[in-house]
Amino acid sequence: MPVERTKFYQVGSFAVGNRLLPPEQRAVQASPDRGNSLTCGHRACRGCGEALGARWAVDAAISATAGRMVVVNATGCLEVFSTPYPESSWQVSWIHSLFGNAPAVATGVAAALRAKGRTEVRVVGQGGDGGTVDIGFACLSGMFERDDDVLYICYDNQAYMNTGVQRSGATPPAARTATTPLPGQAFGQGKNVPLIAMAHEIPYVATATVADLRDLEYKVRRAMEFRGARYLHVLVPCPLGWVTAACDTIRVARLATESGLFPVFEAERGEVTGVTKIRRRVPVDDYLRLQGRYAHLFGDPPKTDVIARIQAGADRNVRRFGLVD
Amino acid sequence: MLRQMEGSQAVAEAVALCRPEVICAYPISPQTHIVEALSRLVTGGRLKPCEYVNVESEFAALSACIGASAAGARTYTATASQGLLYMTEALYNASGLGLPVVMTVANRAIGAPINIWNDHSDSMSQRDSGWIQLYAESNQEAVDLHVQAFALAEELSLPVMVCMDGFVLTHAFERVDLPSQEQVDAFLPPYEPRQVLDPDDPVSIGAMVGPEAFTEVRYLGHLRQLAALERIPHLAARFERGFGRACGGLVRGYRTEDADTIVLALGSVLGTLKDVADELRQDGMRIGVAGLTTFRPFPLHAVRKVLGRARRVVVLERAFSLGAGGIVAAEVRSALAGNGADVFTVVAGLGGRAVTKASLRLLLTGGPGEPLTFLDLNQDLVAGELRRAGRARRSGPPAENLLRDLAGGV
């Protein structure tokens, strides 16, 4: 019978969940007292980036607020897989209203808490990219503009995955979806909501990915240090929609940042205050090749002109945000 | 206290007396004076604690109300017309979640063609949204219905629309008896829902429900609406005891006891109708008027009772269903099923057109009439456009042609 050797994390590393670190350096997820906000039994797909991102983000918010918080959820995968009646995976106070109104519902919750003098209870809104950058965008912009005391988290998997992978305003160029058949999503479209959020000059805007969960935790914690409107945009790969292996979720998220296609940064009052540098820059091919939604770029012959345009976008991000020293 | 004041100001004062904790507002004519007055009451410190949120759309207004109500705050908003339609998705959501939001609808037509004046197309279009709908006849009634609306909403865990005619009531200066804070406090206890968003007692609100229970959830919603039919008269009676004047209820008859003809209507047009009935009574006609205060839930039994033995029932509607006919009349017909009375639908006062006594006299003293008529319809104008449209079958909006004809153009 083969014997599996138990591997211990290296002492002093920041590996996820390392309980050998000094307490102040440990991840929220390393604590036995973590919030377990999105608990087991939910119905997310294998390898779901959104479930991972949501659990880490909401647990970090619970940790930052000592559990004094309410979550408002837009319609979408996260809502559907977590609350099929009569079950719920949420171990926080949680409400789902509609697809396009989560930021406004969060505004209302915050207003009620203020009226009742319970401002120690914080409000977190969350939704996918469809609920955030498309149908919920007016409500999001209104919430930003009024500087309502809400942290809104967008889990961006770059299309409408819950309804079967249709194009959203966050779908990147050349990506194939059910409504952008080959040659895929056009160039020159889509919106960059983190930059739009910054244009509202709200207290805090940040991006993160599920490839760097410590960074995601840090950004949630940092966001909760501010009052007023805050926005966190988290890249969460979707094995179903991106046509990637379930085991590649973290890897593909890391390649999104290492290629420069998804810049990771934070900004206060509209000014960039921190950028996560690319440690080992990779060509966009490495990121694209892993994903079936870009398979049409790597036929025989490969569409080098399209890949070059995507690479130019990554290069622009690197210049714009100073991603490489 | 008796005061001479604008309807919108009076409603704002009444709402403030109900101590809402969150007010979400987006401006739309003719609702604006209500939310403007409330913003002054909040900013001036007369209404506190209360958060006044200026939102970016009606959809956001009601969505923020949903959040606030779910978090345990007494919540109010107001809208009209296009704004009500823009809220539609959230209307169904608020009622489905059982949130007792109270909303004033300053009734106004729906475009196109765009029209800011009064009719009931807006609220009638939301009759299936699960909201209780109460219609005010006067500004006094608008004031009193708002006080009752909060009590009703919170007792039944259902949202309530108080509908008042745009401009005709909202912008009219009338004598209004505003209740005192003590009276309202005695009538309306603080809002204490059994379930709120509270970190100390976490709940998941708004779960997905599939075929296994959706019918039951909907049926329970229907039962709550039916329960309102019991509670509304009870509340109206309690209101009368506390405030010394009758208001609200399901449907009210005026000189209906011995009437052969009864005109049933909603809203401010009832005043004109009662005057006409008085005049026609002097001419020897046995006519009465029924004022429907509660349109949703629809009080089938109360309507049947008030219409009594009338042989001719005229339902005067400020809205209609294109391609079908009267909306209220369809309900009245089912209320009178088997009773043998003839029910006529008269569509009147669309888009702010005045409903005059002269036209009503002519209508009610004329022959039996068609099952569906349009009061004061300009037949020449319609015929001209039909002739023009008949020459060539092409798509295009008719409104501009009609305006040209009215201006005497070619």
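The values are calculated or read from the model by the stated rules, or taken from the named source; none is laboratory data. The structure displayed is predicted, hence computed values, not measured ones. Backbone-built Cβ (ideal geometry, glycine too); neighbour counts: all protein chains shown.
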| Among (1) without any contact (Cβ under 8 Å) to a residue 60 or more places away in the chain; (2) touching a strand residue (DSSP E or B) at 6+ places or on another chain (Cβ under 9 Å), the one test that A:G117 misses | (2)
| request: Hey, can you tell me all the residues within region B:30-56 that are over 29 Å from B:H120 (Cα atoms) and within 10 Å of another protein chain (Cβ to nearest Cβ)? | output: B:K48, B:P49, B:C50, B:E51
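Here's the yes/no breakdown for (1) in contact with a Leu (Cβ under 8 Å, 6 or more places away or on another chain); (2) over 24 Å from B:V105 (Cα atoms); (3) charged (D, E, K, R):
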| site | (1), (2), (3) |
| --- | --- |
| B:E216 | no, yes, yes |
| B:R224 | yes, no, yes |
| B:A228 | yes, no, no |
| B:I232 | yes, no, no |
| B:L250 | yes, no, no |
| B:T256 | yes, yes, no |
| B:L270 | no, no, no |
| field | region A:101-118, residues that are more than 7 Å from chain B (Cβ to nearest Cβ) and within 30 Å of A:G47 (Cα to Cα) | value | A:A102, A:P103
| What are the residues in region B:75-85 that are closer than 22 Å to A:I95 by Cβ and either within 9 Å of another protein chain (Cβ to nearest Cβ) or among the small types (G, A, S) (or both), if any? | B:T75
| For region B:195-235, how many residues meet the condition of being surrounded by fewer than 18 Cβ atoms within 10 Å (Cβ to Cβ), of a type in the set (V, I, T) and touching a strand residue (DSSP E or B) at 6+ places or on another chain (Cβ under 7 Å)? | 1
| note | Picked from region B:187-212 (must be more than 7 Å from chain A (Cβ to nearest Cβ) and of a type in the set (A, V, I, L, M, F, W, C)), the residue nearest to A:V71 (Cα to Cα) is B:V196
| message | Given the options A:P173, A:P181, A:P237, name the one that is surrounded by fewer than 19 Cβ atoms within 10 Å (Cβ to Cβ) and touching a residue at least 40 places away in the same chain (Cβ under 8 Å). | response | A:P173
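Scan region B:213-224 for residues that are of a type outside the set (D, E, K, R) and away from every other protein chain (no Cβ under 14 Å) and jot them down.
Correct list: B:Y219, B:G221, B:H222, B:L223.
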| request: Report those helices (runs of 4 or more DSSP H) wholly inside region B:98-188 carrying at least 2 residues which are more than 12 Å from the chain's Cα centre (by Cα) and surrounded by 24 or more Cβ atoms within 10 Å (Cβ to Cβ). | output: B:139-156
| said: Please determine whether any residue of region A:204-216 is touching a residue at least 24 places away in the same chain (Cβ under 8 Å), assigned to a loop (DSSP other than H, G, I, E, B) and within 20 Å of A:S63 (Cβ to Cβ). | reply: yes
| said: Suppose the filter is under 16 Å from B:V203 (Cβ atoms), small (G, A, S) and either modelled with pLDDT of 95 or more or touching a Ser or Thr at 6+ places or on another chain (Cβ under 8 Å) (or both); does A:G67 pass it? | reply: yes
| request: With the condition kept exactly as written, say whether any residue in region A:120-134 is touching a Leu at 6+ places or on another chain (Cβ under 6 Å) and free of Cβ contacts under 8 Å to residues at least 60 places away in the same chain. | output: yes
| said: Restricting to region A:71-89, name every residue that is facing chain B (nearest Cβ under 7 Å), crowded, with 23+ Cβ neighbours inside 10 Å and either among the aliphatic types (A, V, I, L, M) or in a strand (DSSP E or B) (or both). | reply: A:V72
| field | Scope region A:266-280; condition loosely packed, with under 15 Cβ neighbours inside 10 Å and farther than 30 Å from A:R146 by Cα; matching residues | value | A:K277, A:R279, A:R280
| task | May I ask you to say which residue of B:A259, B:A290, B:A236, B:A277 is touching a residue at least 12 places away in the same chain (Cβ under 8 Å), in the same structural domain as B:A337 (by TED's automatic domain parsing) and part of a helix (DSSP H, G or I)? | result | B:A277
| task | Name the one entry in A:P172, A:P194, A:P183 that is over 16 Å from the mean Cα position of the chain (by Cα) and either part of a loop (DSSP other than H, G, I, E, B) or under 18 Å from A:L235 (Cα atoms) (or both). | result | A:P183
| remark: Scanning region B:265-295 residue by residue, those closer than 13 Å to B:S138 by Cα and out of contact with any strand residue (DSSP E or B) (no Cβ under 8 Å at 6 or more places or on another chain) turn out to be B:G271, B:T272
| Given the structure, is B:P30 part of a loop (DSSP other than H, G, I, E, B) and surrounded by 24 or more Cβ atoms within 10 Å (Cβ to Cβ)? | yes
